[in-house]
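Every number here is computed from the coordinates shown, using simple stated rules; none is lab data. The model shown is predicted, which means the values in this text are computed figures rather than measured ones. Ideal geometry is used to build each Cβ from the backbone, glycine not excepted, and the neighbour counts take in all protein chains shown.
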Amino acid sequence: MNAAERLDEAGLTIVATTTSRTARLRRPREPGASRNQLAKSDAMRTQILETVIDCLAERPYSEVSAALVAKQAGVSRGGLQYHFPTWLALMRSAVEFLHTRRLDLFRTDLSALPEGANVIDHVIDTHWRHLNEREFRAYQEMVLAARSQPELAALLASQYSAFLHEWHEIARTTFKWNYTDPDVARAGNIAHYILEGMAYGNLGGQLGAAEIDQLLAYTKQVLRDQTGSGAA
């Protein structure tokens with residue numbers, strides 16, 4: 001089912017979008033709108049996006065529609081359409097919302113390095129935990145669906161590069177990891193994709209606890225060898 005069909009199924013009108021990226025993500029504010037009105041509007045957007053994450057974390061992408069999101073969020077179809085005129089606009093905002101949430105969680109946890117803790121252990125254990133939480137489960141569902149959804153695939157690809165850049169920047173500022181060093185960059189990519197691959201394997205029930213522990217230990221060693229961050 002393409003984006004137009006998904007919105008038609010929900011009884012919403014398809015709106016052609018040719019405006020800028022920012023304009024697509026936010027509906028224009030009416031002149032003279034009060035601060036209270038703006039706050040309510042932002043709260044509704046957040047409520048809708050949280051609902052999208054819940055739906056995608058719990059259901060196949062093919063079962064998530066604009067009608068379902070509106071019902072679960074407790075908003076009218078017109079209210080949903082006001083904030084997100086098309087299904088793709090909703091997905092674009094959901095991906096940005098997910099990435100921002102995941103980066104905020106990652107940044108917060110990494111900045112709370114326990115005294116005496118090993119940096120590598122903390123980074124890997126924290127990232128692995130996040131890859132098994134609601135936000136990444138929703139992202140996984142989008143990635144799987146993108147195999148047959150070209151527009152979604154293009155959206156995810158463009159957003160993912162920005163996400164990785166910010167992820168590297170967090171590591172650089174928090175632990176002084178220099179991602180301009182080819183060895184550090186390569187080790188970071190190896191660790192990142194091993195963990196994400198593990199998350200998909202774990203989702204499919206293909207990994208046991210012992211295998212997970214072995215792979216986590218291997219990933220930590222890769223980072224220690226290449227970043228020189230073995231010490232706490």
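Observations on the structure shown:
- Eligible lysines near K176 by straight Cα distance, threshold 30 Å, same-chain separation 8 or greater: K220
- Contour excess over end-to-end distance, with Cα ends at E151 and T108 and 0.36 nm allotted per residue: 12.3 nm
- Relative packing of 39-52, 77-90, 170-183, which averages over residues the other C-beta atoms within 10 Å, highest first: 77-90, 39-52, 170-183
- Net lengthening on full extension, A67/R186 (0.36 nm per residue, minus Cα-Cα): 38.5 nm
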